[in-house]
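Enquirer: Could you have a look at this structure, given as structure tokens, before my questions?
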Amino acid sequence: MGQIYFEAGSQQFHIQGENSSYIMHILPSGELGHLYYGKRIEHQADFSQQFAPYNYGMSRDIFPLDDSAALDFVALEYPTYGTSDFRQPAIEVRQCNGSRIVKFVYESHQIEKNKQPIEAMPSAFGTDETVITLTIYLTDAVTKLRLALSYSLFMTGDVITRHAKIENNGVESVQLLRFLSMNIDFDTKAYDMMTFTGSWIRERELEVAPLRRGIQSISSSRGASSATANPFFVLKGHHTTDFHGEAYGFNLMYSGNHVGQVEVTPYDQARVQQGVNYFDFNWELAPNTSFQSPEVAIVYTADGLNDLTQTYHDFYREHMINQYWVKKERPILINNWEATYFDFDETKLLELAKKAKAVGVELFVLDDGWFGHRDSDNSSLGDWYYDPKKLPYGLKHLVDQITDLGLQFGLWIEPEMVSPDSDLYRSHPDWIICVSDRTPTQGRNQYVLDFTNNEVVDTVYEMIAKVIRESGDISYIKWDWNRPLTEIGSLQLPPQKQQEVAHRYVLGLYRFYNHLMNDFPHLLVEGCASGGSRFDGGILAYSPQIWASDDSDAVERLKIQYGTSFCYPLSTIGAHVSASPNHQVHRTTSLKMRGDVAFFGIFGYELDLTMLSEGELTEIAAQITMYKSYRQLIITGDFSRILSPYDSNETAWSVVDKSKTKAIVGYYRTLAPAYKLPTRIKIPQLQPEMIYTLKGTKRTYRGDELMNWGIELNLVLFEELGILGQMSGDHVSLILAFDCITR
Ligand code: GLA
């Protein structure tokens with residue numbers, strides 16, 4: 001059970017989880033210093049002997065801090081720039097007189113059960129039993145700015161969420177030039193930084209590099225959390241693996257421009273920061289107003305990267321994702337995008353739906369192209385009424401026909417966008433993100449709507465809500481976003497607020513989502529942004545699942561799903577079986593491999609079922625039956641990575657249920673090796689003394705045998721499983737299912 005201590009004598013705070021300790025102190029100068037974050041330490045009233053303020057007598061960098069040390073050498077909690085710390089600050093403020101100097105000094109603190117939500121932004125939730133929050137108030141005597149730093153300790157895996165709030169209690173406005181969510185100063189650079197960057201159809205590629213002196217950072221300035229850099233990174237010990245060693249995770253739960261950075265000084269301290277990107281950010285903080293940062297979720301583990309992953313997965317499932325959906329089995333869907341693109345009519349859709357129903361699909365999703373006169377991507381966004389050419393009897397008629405088949409109905413929307421060729425744009429050309437004296441850039445032939453303007457948000461919302469209400473039974477929405485923001489500006493905001501636009505845009509996005517969830521609390525919304533360009537904790541608060549990538553190739557997906565899995569649970573990862581040859585990379589893979597990859601996510605199909613043979617449809621029906629029997633496990637179980645697609649041509653991962661009675665393992669080999677002995681994989685997370693049977697064989701194993709010795713993927717096994725013929729050549733896969741027979 002976690003606790004938060006404050007020791008008045010030593011002026012120290014100790015956030016103590018079951019496995020971790022986070023220790024801070026009030027410095028003699030009144031500023032807040034950092035002492036320790038790592039493996040749990042028994043609480044003591046005074047850790048002062050750990051703090052040695054260095055005075056480098058021979059150095060030219062002497063800046064006395066209460067006769068002891070320059071701040072540059074001190075570990076700090078929320079540093080400012082301008083006195084004696086020369087590292088990156090967490091906050092930068094410009095006053096009316098031009099001064100950028102602030103000094104925040106401890107005023108008071110409170111420790112309370114549970115936590116407050118963050119205004120206008122999604123944030124983690126808990127109960128009196130599952131969360132404790134420490135809030136430390138600091139003030140700047142000159143500007144009368146008051147800073148509140150919040151630390152919430154979740155009992156689930158000792159996750160600490162942090163965010164900051166600033167109030168202007170002065171009489172003049174100040175400009176907030178930077179306001180990060182967190183800062184931690186480590187006293188060593190002996191870590192590797194793991195990042196998850198990429199692009200469209202190449203999302204969340206893992207890169208690992210040792211920290212070095214200077215600043216290493218990931219960021220987005222695209223108006224969304226982006227595929228460029230997921231707002232998640234890890235610092236791990238050089239020898240940490242999936243199964244052993246220390247690691248720290250940092251995950252900003254925010255959907256807009258962000259930055260995550262580590263600055264290593266010449267003294268080899270490492271300053272870690274994350275928050276809203278300070279590039280092109282300037283918030284005018286008027287007297288008697290406040291500003292809150294989004295929340296960051298921080299995880300420490302001593303037990304390897306799979307443990308870090310499982311902690312994030314549990315945290316998301318218990319404290320961020322809508323609890324209505326979290327354990328609900330998500331419907332297996334067919335999406336018509338890669339089946340028809342824009343070229344469909346009611347007859348074609350119904351043919352597809354009938355085939356889908358026959359193989360066991362549960363939800364039919366009508367993707368882009370159903371509205372306005374949208375036959376390509378160059379028109380109609382913003383005109384959210386059905387296209388009478390494609391749907392002559394109306395959308396409701398189609399919905400009724402599909403639901404009469406026994407399928408649920410889902411619809412694609414892209415509410416944040418407008419096409420120049422649309423009634424909405426023609427009547428409100430000033431409703432787009434732009435600057436007044438330049439031609440706005442089009443992306444995918446469209447503009448971004450000015451979601452800083454509540455009138456725009458509410459008008460578009462009403463159009464979408466009307467479609468949902470009038471169409472009867474729409475139970476699912478795919479929410480897309482298909483271009484980044486450029487010429488970031490708003491015609492309704494004054495010049496001094498133009499650098500608030502990127503953040504205000506995200507607040508507008510959340511406003512829309514809040515309306516939608518309030519009015520349709522049981523609507524399943526799948527997030528999407530040109531595939532996985534906005535896969536973040538902010539969106540997950542509303543959309544329990546997100547389409548992970550427009551790259552639906554099974555081989556490419558291994559890396560994409562592998563990277564995504566580090567932070568986000570399988571219950572959030574939309575994964576579909578698509579056509580072969582694949583439309584993005586033109587690779588040919590078997591239906592089995594495509595199914596086996598998509599299986600470890602929220603499963604669906606995105607291909608023209610009417611073009612498939614009876615044999616293929618039978619295989620799909622079997623895949624669906626199999627997925628249905630494992631989807632509860634996929635949604636709620638403990639996921640582990642076993643073999644990395646970055647290390648070789650083999651990937652493997654597993655999911656084990658919390659009671660350790662069921663396990664499934666996915667194994668994939670991309671290119672066939674020559675003359676190589678069989679691969680052996682060890683299956684983690686089982687109960688050592690339990691006996692497990694391997695489905696499809698007569699084999700039984702003890703848990704400790706599978707965990708420590710593993711199972712060899714050899715010809716005898718393939719023969720027993722009846723898949724010998726399928727296991728040679730390129731792009732092969734295998735799913736092993738274990739059931740416990742003793743408890
Ligand atoms: C984006 C999405 C796709 C599809 C298209 C439709 O690219 O990621 O899944 O919906 O838009 O235009």
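Each row is one residue, and each column tells you yes or no for (1) aromatic (Phe, Trp, Tyr); (2) in contact with a helix residue (DSSP H, G or I) (Cβ under 6 Å, 6 or more places away or on another chain).
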{"residue": "Phe86", "(1), (2)": "yes, yes"}
{"residue": "Glu129", "(1), (2)": "no, no"}
{"residue": "Tyr137", "(1), (2)": "yes, no"}
{"residue": "Ala148", "(1), (2)": "no, no"}
{"residue": "Arg162", "(1), (2)": "no, no"}
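Enquirer: Do you know which residues across region 689-743 are in contact (Cβ under 8 Å) with a residue 60 or more places away in the chain and within 28 Å of Pro581 (Cα to Cα)? Step through it out loud before you land on a result.
Expert: First, the residues of region 689-743 that are in contact (Cβ under 8 Å) with a residue 60 or more places away in the chain: 726, 730-740, 743.
If the condition is that a residue be in contact (Cβ under 8 Å) with a residue 60 or more places away in the chain and within 28 Å of Pro581 (Cα to Cα), then Gln726, Asp730, His731, Val732, Ser733, Leu734, Ile735, Leu736 are the ones that fit.
Enquirer: Related question: Return only the number of the condition from (1) more than 16 Å from the ligand (Cβ to nearest atom); (2) more than 30 Å from Arg438 (Cα to Cα) that Glu526 does not satisfy.
Expert: So the condition that Glu526 fails would be (1).
Enquirer: Restricting to region 381-400, and then to whatever is touching a residue at least 60 places away in the same chain (Cβ under 8 Å) and within 16 Å of the ligand (Cβ to nearest atom), can you tell me which residue is surrounded by the fewest Cβ atoms within 10 Å (Cβ to Cβ)?
Expert: My answer is Trp384.
Enquirer: Please go through (1) β-branched (Val, Ile, Thr); (2) closer than 19 Å to Arg374 by Cβ; (3) away from the ligand (no atom under 16 Å from the Cβ) for Thr403 and return the number of the only condition it doesn't satisfy.
Expert: (2)
Enquirer: Among the residues of region 82-132, how many are part of a loop (DSSP other than H, G, I, E, B) and either in contact with a Lys or Arg (Cβ under 7 Å, 6 or more places away or on another chain) or among the aliphatic types (A, V, I, L, M) (or both)? Spell out the reasoning first.
Expert: Within region 82-132, the subset part of a loop (DSSP other than H, G, I, E, B) is 82-90, 95-104, 114-130.
Then keep just the ones that are either in contact with a Lys or Arg (Cβ under 7 Å, 6 or more places away or on another chain) or among the aliphatic types (A, V, I, L, M) (or both); that gives 82-83, 87-90, 100-102, 118, 120-121, 124, 126, 128.
Qualifying residue count, region 82-132: 15.
Enquirer: Here are some residues: Ser436, Ser419. Which one is open to solvent by 10 Å² or more (accessible area, probe 1.4 Å) and among the small types (Gly, Ala, Ser)?
Expert: Values: Ser419 fails: open to solvent by 10 Å² or more (accessible area, probe 1.4 Å).
Going through Ser436, Ser419 in turn, just one is open to solvent by 10 Å² or more (accessible area, probe 1.4 Å) and among the small types (Gly, Ala, Ser): Ser436.
Enquirer: Yes or no: Asn378 touching a Ser or Thr at 6+ places or on another chain (Cβ under 7 Å) and more than 16 Å from the ligand (Cβ to nearest atom)? Spell out the reasoning first.
Expert: Numbers: touching a Ser or Thr at 6+ places or on another chain (Cβ under 7 Å): yes; more than 16 Å from the ligand (Cβ to nearest atom): no.
Considered against the rule, which asks whether it is touching a Ser or Thr at 6+ places or on another chain (Cβ under 7 Å) and more than 16 Å from the ligand (Cβ to nearest atom), Asn378 comes out as no.
Let's see how each residue does on (1) in the same structural domain as Met121 (by TED's automatic domain parsing); (2) in contact with a Gly (Cβ under 8 Å, 6 or more places away or on another chain); (3) crowded, with 24+ Cβ neighbours inside 10 Å:
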{"residue": "Ile215", "(1), (2), (3)": "yes, no, no"}
{"residue": "Ala227", "(1), (2), (3)": "yes, yes, yes"}
{"residue": "Phe232", "(1), (2), (3)": "yes, yes, yes"}
{"residue": "Leu235", "(1), (2), (3)": "yes, no, no"}
{"residue": "Thr241", "(1), (2), (3)": "yes, yes, no"}
{"residue": "Gly245", "(1), (2), (3)": "yes, yes, no"}
{"residue": "Tyr248", "(1), (2), (3)": "yes, no, no"}
{"residue": "Asn251", "(1), (2), (3)": "yes, yes, yes"}
{"residue": "Ser255", "(1), (2), (3)": "yes, yes, yes"}
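Enquirer: Evaluate the following for Ile620: is it over 25 Å from Thr156 (Cα atoms), touching a Gly at 6+ places or on another chain (Cβ under 6 Å), of a type in the set (A, V, I, L, M, F, W, C) and buried (at least 18 other Cβ atoms within 10 Å of the Cβ)?
Expert: Working: over 25 Å from Thr156 (Cα atoms): yes; touching a Gly at 6+ places or on another chain (Cβ under 6 Å): no; of a type in the set (A, V, I, L, M, F, W, C): yes; buried (at least 18 other Cβ atoms within 10 Å of the Cβ): yes.
No.
Enquirer: Tally time: how many residues in region 260-288 are more than 27 Å from Asp303 (Cα to Cα) and either surrounded by 17 or more Cβ atoms within 10 Å (Cβ to Cβ) or touching a residue at least 60 places away in the same chain (Cβ under 8 Å) (or both)?
Expert: Of all residues in region 260-288, those more than 27 Å from Asp303 (Cα to Cα) come to 265-267, 276-288.
Filter once more, so that each one left must be either surrounded by 17 or more Cβ atoms within 10 Å (Cβ to Cβ) or touching a residue at least 60 places away in the same chain (Cβ under 8 Å) (or both): 265, 267, 276-288.
Residues flagged as more than 27 Å from Asp303 (Cα to Cα) and either surrounded by 17 or more Cβ atoms within 10 Å (Cβ to Cβ) or touching a residue at least 60 places away in the same chain (Cβ under 8 Å) (or both) within region 260-288 amount to 15.
Enquirer: Show the residue pairs that are 6+ apart or on different chains and have beta-carbon atoms under 6 Å apart, the first residue being within region 469-489 and under 19 Å from Ser199 (Cα atoms), the second being open to solvent by 50 Å² or more (accessible area, probe 1.4 Å) and within 13 Å of the ligand (Cβ to nearest atom).
Expert: Every condition considered, the pairs that remain are Asn482/Arg444; Arg483/Arg444.
Enquirer: Among the candidates Glu470, Glu487, which residue alone is open to solvent by 30 Å² or more (accessible area, probe 1.4 Å) and under 19 Å from Phe371 (Cα atoms)?
Expert: Values: Glu487 fails: under 19 Å from Phe371 (Cα atoms).
It is Glu470.
Enquirer: Also, I was wondering about something else. For Thr156, which of the numbered conditions (1) modelled with pLDDT of 95 or more; (2) farther than 30 Å from Gly98 by Cβ; (3) hydroxyl-bearing (Ser, Thr, Tyr) fails to hold?
Expert: (1)
Enquirer: Output the residues belonging to region 252-273 that are closer than 26 Å to Asp85 by Cβ and under 18 Å from the mean Cα position of the chain (by Cα). Walk me through it before giving the result.
Expert: Quick first cut of region 252-273, residues closer than 26 Å to Asp85 by Cβ only: 252, 254, 257-273.
If the condition is that a residue be closer than 26 Å to Asp85 by Cβ and under 18 Å from the mean Cα position of the chain (by Cα), then Leu252, Tyr254, Asn257, His258, Val259, Gly260, Gln261, Gln273 are the ones that fit.
Enquirer: Can Asp450 be described as among the acidic types (Asp, Glu), away from the ligand (no atom under 16 Å from the Cβ) and either open to solvent by 50 Å² or more (accessible area, probe 1.4 Å) or over 30 Å from Leu176 (Cβ atoms) (or both)? Give the derivation first.
Expert: On the way: among the acidic types (Asp, Glu): yes; away from the ligand (no atom under 16 Å from the Cβ): yes; either open to solvent by 50 Å² or more (accessible area, probe 1.4 Å) or over 30 Å from Leu176 (Cβ atoms) (or both): no.
So Asp450 does not fit the description; no.
Enquirer: Now for a different question. Only one of these conditions is not met by Asp608: (1) within 27 Å of the chain's Cα centre (by Cα); (2) of a type in the set (Asp, Glu); (3) surrounded by 14 or more Cβ atoms within 10 Å (Cβ to Cβ). Which number is it?
Expert: Among (1) within 27 Å of the chain's Cα centre (by Cα); (2) of a type in the set (Asp, Glu); (3) surrounded by 14 or more Cβ atoms within 10 Å (Cβ to Cβ), the lone unmet condition for Asp608 is (1).
Enquirer: What single numbered condition from (1) closer than 19 Å to Leu736 by Cα; (2) touching a Cys at 6+ places or on another chain (Cβ under 6 Å); (3) not charged (D, E, K, R) fails to hold for Tyr562?
Expert: Every listed condition holds for Tyr562 apart from (2).
Enquirer: Out of all the residues in region 568-617, which are among the aliphatic types (A, V, I, L, M), within 16 Å of the ligand (Cβ to nearest atom) and not in a strand (DSSP E or B)? Steps first, answer last, please.
Expert: Looking only at region 568-617, we keep the residues that are among the aliphatic types (A, V, I, L, M), and these are 570, 573, 575, 577, 579, 585, 591, 593, 597-598, 602, 607, 609, 611-612, 617.
Retained after the next criterion (residues that are within 16 Å of the ligand (Cβ to nearest atom)): 573, 575, 577, 579, 585, 598, 602, 607.
Listed by number, the residues that qualify are Ala579, Val585, Ala598, Leu607.
Enquirer: If you don't mind, there's one more thing I want to ask. Condition first: farther than 12 Å from Val399 by Cα and either within 16 Å of the ligand (Cβ to nearest atom) or of a type in the set (Gly, Ala, Ser) (or both). Now tell me which residues in region 351-369 satisfy that. I'd like the intermediate steps shown before the answer.
Expert: Taking region 351-369 first, the residues farther than 12 Å from Val399 by Cα are 351-352, 354-362, 367-369.
Selection gives Leu352, Ala356, Ala358, Gly360, Asp367, Asp368, Gly369.
Enquirer: Looking at region 289-379, what helices (runs of 4 or more DSSP H) fall wholly within it and have at least 3 residues that are in the same structural domain as Thr240 (by TED's automatic domain parsing) and surrounded by fewer than 24 Cβ atoms within 10 Å (Cβ to Cβ)?
Expert: Values: elements: 305-319, 323-326, 337-340, 346-359.
It comes to 305-319.
Enquirer: Out of Pro484, Pro440, Pro415, report the one residue that is part of a loop (DSSP other than H, G, I, E, B), under 20 Å from Val506 (Cβ atoms) and more than 16 Å from the ligand (Cβ to nearest atom).
Expert: Values: Pro484 fails: more than 16 Å from the ligand (Cβ to nearest atom); Pro415 fails: more than 16 Å from the ligand (Cβ to nearest atom).
The conditions single out Pro440.
Enquirer: Hey, Arg426 hits all of (1) open to solvent by 60 Å² or more (accessible area, probe 1.4 Å); (2) more than 27 Å from the chain's Cα centre (by Cα); (3) closer than 19 Å to Leu509 by Cβ but one; which does it fall short on?
Expert: If we test Arg426 against (1) open to solvent by 60 Å² or more (accessible area, probe 1.4 Å); (2) more than 27 Å from the chain's Cα centre (by Cα); (3) closer than 19 Å to Leu509 by Cβ, just (3) comes out false.
Enquirer: Another question, if that's okay. Taking interchain pairs and intrachain pairs at least six residues apart, which have beta carbon atoms under 6 angstrom, with the first residue in region 529-552 and within 16 Å of Ile477 (Cα to Cα) and touching a residue at least 60 places away in the same chain (Cβ under 8 Å) and the second assigned to a helix (DSSP H, G or I) and within 14 Å of the ligand (Cβ to nearest atom)?
Expert: Ala548/Ile560
Enquirer: Going through Glu338, Glu318 one at a time, which residue ends up being within 22 Å of Arg641 (Cα to Cα) and among the charged types (D, E, K, R)?
Expert: Numbers: Glu338 fails: within 22 Å of Arg641 (Cα to Cα).
Of Glu338, Glu318, the one residue that is within 22 Å of Arg641 (Cα to Cα) and among the charged types (D, E, K, R) is Glu318.
Enquirer: Additional query: Would you mind telling me which numbered condition in (1) charged (D, E, K, R); (2) more than 23 Å from Asp377 (Cβ to Cβ); (3) within 16 Å of the ligand (Cβ to nearest atom) Lys466 fails?
Expert: Going through (1) charged (D, E, K, R); (2) more than 23 Å from Asp377 (Cβ to Cβ); (3) within 16 Å of the ligand (Cβ to nearest atom) one by one, Lys466 breaks only (3).
Enquirer: Within region 309-348, take every residue that is among the β-branched types (Val, Ile, Thr) and more than 20 Å from His522 (Cβ to Cβ) and give me the one that is nearest to the ligand (Cβ to nearest atom). Write out each step before concluding.
Expert: First, pick out the residues of region 309-348 that are among the β-branched types (Val, Ile, Thr): 309, 311, 321, 326, 332, 334, 340, 347.
Retained after the next criterion (residues that are more than 20 Å from His522 (Cβ to Cβ)): 309, 311, 334, 340, 347.
On the way: Thr309: 25, Thr311: 29, Ile334: 13, Thr340: 11, Thr347: 21 Å.
Applying the filter and picking the extreme gives Thr340.
The values are calculated or read from the model by the stated rules, or taken from the named source; none is laboratory data. In this text, all values refer to a predicted model and were calculated from it rather than measured experimentally. All Cβ positions, glycine included, derive from the backbone under ideal geometry; neighbour counts span all protein chains shown. Heads up: the accessible areas ignore ligands, DNA and RNA and are worked out on the full protein's heavy atoms, side chains in. Shrake-Rupley method; radii C 1.70, N 1.55, O 1.52, S 1.80 Å.
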